[in-house]
Amino acid sequence: MFLNKVMQNDPKLVETAVAFHQAGKILPDTFVVDVDQFLENAKNMLQEAQKQHIQLYYMLKQIGRNPYLAQQLEKIGYPGAVAVDWKEAEVLMKNHCHICHAGHLVQPPFGFADKLVQYGADYITVYSIEKIREIDRAAQKAGKTQKLMIRVIGEKDEIYSGQTAGFLLSDLKEVSDEVKGLKNVVIAGVDSFPCYLYDEKTEDIQPQENLNTVLEAKIILEGYGCRIDNVNAPSATCCRTLQKMAGTAITSAEPGHGLTGTTPYHAVHDTVEKQCTLYLTEVSHNLSGKAFAFGGGYYRRGHIKNALVGKDPHKMEKAIVTPPSMESIDYHFELDRQFPVASSVIMAYRFQIFVSRSDVCLISGIQKGDPQIIGVYSSLGEKKDDE
């Protein structure tokens, strides 16, 4: 999906990944990140957000909940993270990162609210009365008042399978009344997902019905006496999306794939954010005229089509990739013809590393001609032992 863009925008990343792999410095099934370009993307997005008076909460699940990148983002001015679920929150807490927004798609489970409130999350998304009461009890124990973000859902909203949740607009009076009867929580924000998406017909990022629901929820809740200081509108956040947010009531957004230049919009446009991540693996074996590369990083929405294959970074050949079927484990990727065993295989597709079993290799100095491996991490943000 992004292979041509990576070759165009960051050819040195491809050369470095192949050279390091052939030197035995990187194992297959590894996502390789050009850290300098990643941070350049982040800075450009932050500047655009400041123009639009929108706060950015970084989201790193897609790049393996990486704590090093989280810390670097906070150093350049990001106020903190959004944790999509409690497991991501645990990684952030362990690495002393600030959590601006906890929950997003998954509200905290029973037994975790105490830890989250005690640690200090600016906002916690909720979508059940029971969770509101639990967070209130946790906040009472911690001696603080916890801000809540109410996830809302409208009849025409797009909700992805596995993400069904939210309060209907008709439920907001009941929710408001419930919170008013509690002492340690306040309704301070509204959100939904996805509020923006790439549209293939217009080849542009467009607002979705979910955004209208969020904006309407703000008005409704304010009519019930709630002070809504955060209108959160995630999905496909990048400089282009931030420009689309201009003039709206949106106050916060959550870049994820925008940081790596890998939203669908980035696949078809020359953008401010440049692709800075690729998938590296190697040819395991040949059989019946086909080569098979080690798997582990397949994502079913990745739109994998092609790969670069070879042992010399300057003499790579393009091959057609056949990924495993949906019902199968991705032990191998099939290539359209044979290649020498141990050849490097480079792919660039849409990813969600935290649901894979891949490693993440962070490299700095690529553009300066002095590439250095910062570290290798698991798909869940754990630093691997140095060898």
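Using a probe radius of 1.4 Å on heavy atoms only, what accessible surface per residue do you get for segment 249-387? Whole Å² is fine.
It amounts to 45 Å² per residue over segment 249-387.
For segment 329-387, the relative contact order is 24 percent, taking Cα pairs closer than 8 Å that sit 6 or more residues apart in sequence and dividing their mean separation by the residue count.
Comparing V179, V35, V18 in a Gaussian network model of the chain (Cα springs below 10 Å), the most mobile by mean-square fluctuation is V179. DSSP beta bridges fully contained in the chain are about 55 percent antiparallel. In summary, the convex hull built on the alpha carbon positions of segment 190-328 has an orientation-averaged projected area of 11.9 nm². With contributions of -39500 (n - 2.57) from each DSSP H run of at least four residues, the per-residue ellipticity at 222 nm computed over the chain stands at -8500 deg cm²/dmol. Only protein heavy atoms count here; under a 1.4 Å probe, D385 has an accessible surface of about 140 Å². Derived value for segment 280-348: Kirkwood hydrodynamic radius 11.8 Å. Basis is the mean of 1/r over every pair of different alpha-carbon atoms. In the structure shown, the pairs K147/K384; K94/K315; K51/K368; K94/K311 are assessed against 32 Å; a Cα-Cα span above that value is assigned to K147/K384; K94/K315; K94/K311.
Loop only per DSSP, at most 11 neighbouring Cβ atoms within 10 Å: give me the trypsin sites (Lys or Arg not before Pro) in segment 273-307, ordered by residue number. Here the sparse-neighbourhood loop sites are R301. Longest span of the chain, sites excluded, free of chymotrypsin sites (Phe, Trp or Tyr not before Pro) in DSSP loop with at most 15 other C-beta atoms within 10 Å? Longest site-free region, per DSSP loop and neighbour criteria: 1-109.
Reported value for segment 226-303: 132 Å³ per residue, from the convex hull of its C-alpha atoms. Across all Cα atoms of the chain, the radius of gyration (one decimal) and Dmax (whole number) stand at 21.8, 70 Å.
Give me the orientation-averaged projected area of the Cα convex hull of segment 55-106, in nm², one decimal.
Approximately 3.1 nm², given one-decimal rounding.
The values are calculated or read from the model by the stated rules, or taken from the named source; none is laboratory data. What you are looking at is a predicted structure, and each value in this text was computed from that prediction instead of being measured. Cβ atoms come from the backbone with ideal geometry, glycine included; neighbour counts cover every protein chain shown. The protein model used for the area step is the full one, side chains on, heavy atoms only, and it has no ligands, DNA or RNA in it. Shrake-Rupley method; radii C 1.70, N 1.55, O 1.52, S 1.80 Å.
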